[in-house]
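Peer 1: Take this structure, written in C-alpha cells, and hold onto it; I'll ask about it next.
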Amino acid sequence: MSATFVGMPGFPSYPAFPEAAHEAVRDETLRGNLRHATHTIRAKRARAVAEVSDWAALREAGRRIKDHTLRHLDRYLVQVEEAVTAAGGTVHWAVDAQEANRIVADLVKATGESEVVKVKSMATQEIGLNEALEAEGIRAYETDLAELIVQLGKDRPSHILVPAIHRNRSEIRDIFRSEMGEWGRPAPEGLSDTPAELAEAARLHLREKFLRAKVGISGANFVVAETGTLVVVESEGNGRMCLTLPETLISVVGIEKVVPTWRDLEVFLQTLPRSSTAERMNPYTSMWTGTTDQDGPSTFHLVLLDNGRTDTLADEVGRQALRCIRCSACLNVCPVYERAGGHAYGSVYPGPIGAILSPQLRGTGSEIDASLPYASSLCGACYEVCPVAIDIPEVLVHLRERVAQGDQVTRGGNKVVLRPAKGHAAERAAMRAARWAFTHPGVLRTGQRLASRTRRLHPRTLPGPGKAWSGTRDLPPVPAEPFRDWWQRTGGGKEGTK
Amino acid sequence: MRVALFLTCVNDTLYPDTGRAVVKLLTRLGVDVDFPMAQTCCGQAHYNTGYRHEAEPLARRFAEVFRGYEAIVTPSGSCGAMVRELYPRMGERARAEGRGDALARTLAPVVPRTYELTEFLVDVLGVTDVGAYYPHTVTYHPTCHGLRVLGLGDRPLRLLRAVQGLELVELPGAEECCGFGGTFSVKNPDVSAAMGTDKVRHAESTGAEVLCAADNSCLMHLGGTMARLRTGMRPVHIAEILASTEEEPAL
C-alpha cells in the first residue's frame, strides 16, 4: 500500500493512477491472481447471461427503472421514510460521510455496546465507518469472508464483490495464521490452504462473534419504497446472521438504492446475481421491513446517505453512474483493472465504475480523482456487460473534459465553477495546435512532407516524455511520401501506381 | 454512386500503403473512389481526450468536405465510430449547452453515410470474396471500436476466409483490448504496454506470420511492441490483404 496520510485525519491521499499502476503491473503475483480470478468469473458470467433469452430486455428495464427512480428520488425517499417509520424503524438523513459516521457511532453508543458485527457493505466502506467507530472505542467485525481477510491483513479492498481478489490461498492462510488470534478465536493448528479448511477456520472464528453481538451494521442492495423493505443479496449466509441475531440493526444505505415497487425489484434479482457471481440466483436474499415482534432485531435504524449523490444527480451525463447496482461485472471484464489491480484506483470503488463514481462523489480536486477518468482505453467492454447499461466510456470522456477544460458543477447543492486540473497546459496547447493544423490542410501537408523528407534522421526511440511511447514500443517508420502526395502525383493511382 | 475515401490523418501520414490498397481494392470491385484533398482529421483524439470543443471545428470540416458523397469509406474502425456514434452525441451536447441545432444539423448528413471498409464491402457492395490472394498464415484482432461501437461482427473474418491461399488462425482472447486507446497509450504507458505485450504473446502463440486488424492505430501500437519484442510477426491492415492478388501481391 502506498497511501500516505495528509491533511484531514483519516482521509488518505493516493498517488495518481499511472504511478500506482506502475508498481502493480510489475507485481507478478498480483498479476497472476487477478488474471486467474477475473478470467474465471468473466467466462462464468458470460455463460450465466447467455442462458437468459430476454437479457437485453431486462437490461433495458433495469436502466429505465433506475432512471425513473432517480428522476423522482425526492418523492420515493419520502415514501421510504414513511414506510420504514410506519413499520417501526427510525430513519436518519446523512448529508455526508462525517454526519453518517456520527449518527451510527451515537446509535451504537446508546446501546452501551462496544462491538458490532458487519454485513459486507460498500456504503460503510465509502464513509470509512470502521475507522470512525474505532476512534470512538467501538470495534467493528467484518463477517464476509473476503472482508475478513482484508480486515485481518490490515489491507484495503481491491474489488467491489471480492475485496480480497488480489490475494491467493497461501497468502490467505498466512494472514489467518498470524492475525486471527489478535481478533478472537485463533486459526486451527496446522491450517492448510485448501478452500474447505480456510472456510472452516473463518466459520469458527466468526461464529463466536455472531452469537455475542448485540448490534449489527449493514448496507442494502435495494430499498423497496412501496413497503419500506430493505434487501441484502449475499452468498455466504453471514449477512443473514448479522441481520437476524443482534438486538439492534443499523443500515447505512446510499439514496440511489431505492426502487419503487416489488415488481421493479424482480428485474434486479435476475440481473444482479448473474452479473456479479454468475449465479442464476444467489444463496441468501434477506428482506426486512422495520421490526417484527419476537423475530429479529427489535430496534432498526436506517441511515440514508447522500455523500455527493445529489450533486452527481445534477450532472446530465454523469448521473447515469447512480444506476449502478455494484455487481462488479465491469471490473471483471476490464483489461485495465486486470493489470493495475483495485488498489490503484485509490477508492473503495475500483475499476471502470470507480473511475466514474469517485471523481463525481469526491470531486476532481485530488491527484487520484483527476487521473481516474484517464484510467481506461475506452474499449467499451464495461458498457457491454453493465446490467443497467451505464455508458461508462461516455462518462469517462465527459469527466476528462471536466479535468482538462474545467466545468460548472454542483457541489453541496451549489453551482461551482471548476478550473482545469493542474498539469494539462501543455496538452491543451498541443490539442489546440493540432486542431489548427487540421483546419489548415496546407499546414498539415507541410508537416507531413517535412516528416517524410527527414525520415532517415528519425530515431526509433524518443527522449523525455516521448519515452512514454518508445520505452516499450518502436516508433512507426515514416513513409517516403504521405498518401495525399501519391494521390496527387498519380492522379488517384490512374497514372501508374508507384 | 459517388464514393469518397476518408483515409484518416494517421493513415495519410504514416500508412499510405493502406490508402493505396483501399483505392486498388475498390477500383477492382468497380467503385470509382475519390479522395477529397481537403480532408484532414475526424477529431477523435481531441474528443476522447476531453477536448470536445476543439473537436467540433474538425467535425464541421469533415461534414463539409464529405457532404456531396453518397458513401464515405474509411479503413479505421475507431474513426468510423467517431463519426457514426460520437458526431450525433456532439450535436446533442451542443444543444444541451444552449447552442441550438446548428452543429447537429451540419453533422447529420454524413453520419449514416460513413462506413468502415469491411462494412462497405459486405453490406453495401454485398461481396465477401473480393478476389484476393494472400498466401500467408494470418490471425485477426478485432479492434474495440469496430467490434463494440460499430458492431462489425464477423464481417472481417468472412472477408479473410474468402481470400485464396490465406490460412486464418484464431487469436486467443481476441476481443480483449490491445491497450492502445489513443492518448491512453502515453498517459498510462505501463498498463498500455502490459496489455500490448499480452496481446502480442497471444498472437505469437497462434504461429501466424501476420497479425491483421482493421485499424492502423492499434497496429501501430502492436507493431511497435512486436518489433521491440523481436517476434518476427508483421502487422498488416486488412485492406492490404484484401487488395493483394496473384498478379500484384502485397508484401
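Peer 1: Test of understanding: what is the full-extension gain from A:Glu51 to A:Glu208, defined as 0.36 nm times their sequence separation minus their Cα-Cα distance?
Peer 2: Values: separation 157, 0.36 × 157 = 56.52 nm, distance 4.05 nm.
Taking 0.36 nm per residue and subtracting the Cα distance, the gain is 52.5 nm.
Peer 1: Let me ask something else. Please compute, for peptide B:220-230, the average count of beta-carbon atoms on other protein chains lying within 10 Å of each residue's beta-carbon. Walk me through the intermediate numbers first.
Peer 2: Numbers: counts 5, 4, 1, 4, 8, 3, 2, 6, 7, 3, 0.
Per residue, the number of nearby Cβ atoms from other chains is 4 on average.
Peer 1: Could you state, as a whole-number percent, how many of the C-alpha pairs of the stretch A:63-129 are farther apart than 17 Å? Please list the in-between numbers first.
Peer 2: Details: 1342 of 2211 pairs.
Considering the stretch A:63-129, 61 percent of its Cα-Cα pairs are separated by more than 17 Å.
Peer 1: Now for a separate question. Sorted from fewest to most neighbouring beta carbons within 10 Å, what does the list A:Glu182, A:Glu82, A:Glu226 look like?
Peer 2: The fewest-first ordering by Cβ neighbours comes to A:Glu182, A:Glu82, A:Glu226.
Peer 1: Now, a different point. Evaluate peptide B:170-179: per residue, the Cβ atoms of other protein chains within 10 Å of its Cβ; return the mean as an integer. Intermediate values should be presented prior to the final figure.
Peer 2: Numbers: counts 0, 0, 0, 2, 0, 4, 7, 9, 3, 5.
Taking the mean over all residues of the peptide, I get 3.
Peer 1: Additional query: Using a/c under 1.5 as the rounded threshold, could you call the stretch A:52-305 rounded, prolate or oblate? The axes a ≥ b ≥ c are square roots of the C-alpha gyration tensor eigenvalues, and prolate needs a/b larger than b/c, oblate otherwise. Write down the numbers at each step before the final one.
Peer 2: Working: a/c = 1.95, a/b = 1.31, b/c = 1.49.
Cα axes put the stretch A:52-305 in the oblate bin.
Peer 1: If the only charges are +1 at each Lys and Arg Cβ and -1 at each Asp and Glu Cβ, what is the size of the charge dipole of chain B around the Cα centre, to the nearest 20 debye? It would help to have the intermediate numbers written out before the result.
Peer 2: On the way: 25 positive and 30 negative charges, 147 e Å.
Computed about the Cα centre, the dipole is about 700 debye.
Peer 1: Right, here's the next one. Name the residue from A:Ala146, B:Gly232, A:Pro463 whose Cα lies farthest towards the positive end of the charge dipole of the protein assembly as shown, charges +1 on Cβ of Lys and Arg and -1 on Cβ of Asp and Glu.
Peer 2: Checking the options against the dipole of the protein assembly as shown, the answer is A:Pro463.
Peer 1: Let me ask you something else. In whole angstrom, note down how far apart the Cα centers of the stretch A:351-421 and the stretch A:236-300 are.
Peer 2: The stretch A:351-421 and the stretch A:236-300 have Cα centres separated by 30 Å.
Peer 1: Sort by residue number and name the cysteines in chain A that have no neighbouring cysteine Cβ under 4.7 Å.
Peer 2: Taking the Cβ cut-off of 4.7 Å, the unpaired cysteines of chain A are A:Cys242, A:Cys324, A:Cys327, A:Cys334, A:Cys386.
Peer 1: Taking every pair of Cα atoms in chain A, average 1/r, invert it to obtain the Kirkwood radius, and report Rg/Rh to two decimals.
Peer 2: Details: Rg = 25.9 Å, Rh = 24.9 Å.
The Rg/Rh ratio comes out at 1.04.
Peer 1: Hey, what do the phi angles of the stretch A:116-130 turn into as Karplus ³J(HN,Hα) couplings, whole Hz, using 6.51/-1.76/1.60 and θ = phi - 60°, x for Gly and Pro?
Peer 2: Using θ = phi - 60°, the values come out as 9, 9, 10, 7, 3, 8, 6, 4, 6, 5, 4, 8, x, 4, 4 Hz.
Peer 1: Per residue of the stretch B:90-95, in order, report the coupling 6.51 cos²θ - 1.76 cosθ + 1.60 (Karplus, θ = phi - 60°) as ³J(HN,Hα) in whole Hz, putting x for Gly and Pro.
Peer 2: 4, x, 4, 5, 4, 5
Peer 1: Which value, in debye to the nearest 20, gives the size of the charge dipole of the stretch A:82-160 about its Cα centre, when Lys and Arg are +1 and Asp and Glu are -1 at the Cβ? Numbers along the way, then the final one.
Peer 2: On the way: 7 positive and 14 negative charges, 25 e Å.
Roughly 120 debye, rounded to the nearest 20.
Peer 1: Taking the Cα centre of the stretch B:3-124 as the origin, how large is its charge dipole in debye, to the nearest 20, when only Lys and Arg (+1) and Asp and Glu (-1) carry charge on their Cβ atoms? Don't skip to the end; give the middle numbers.
Peer 2: Numbers: 14 positive and 15 negative charges, 41 e Å.
My answer is approximately 200 debye.
Peer 1: If every alpha-carbon in chain B counts as one equal scatterer, what log10 I(q)/I(0) does Debye give at q = 0.08 1/Å?
Peer 2: Debye output, listed in q order: -0.30.
Peer 1: Taking H as built 1.01 Å from N, whose amide H comes closer than 5 Å to the amide H of B:Thr114, not counting residues under 5 places away?
Peer 2: For B:Thr114, whose amide H was placed from the backbone, the distant partners under 5 Å are B:Ile72.
Peer 1: Is the shape of the stretch B:135-215 best called rounded, prolate or oblate, per the rule: a/c under 1.5 gives rounded, else a/b larger than b/c gives prolate, else oblate, with a ≥ b ≥ c the square roots of the Cα gyration tensor eigenvalues? Working shown, then result.
Peer 2: On the way: a/c = 2.72, a/b = 1.51, b/c = 1.79.
Oblate, since a/c reaches 1.5 and b/c is not below a/b.
Coordinate-derived values only; no laboratory data. Predicted, not measured: the structure shown is a model, and the values here were computed from it. Glycine also receives a Cβ, built like all others from the backbone with ideal geometry; neighbour counts cover every protein chain displayed.
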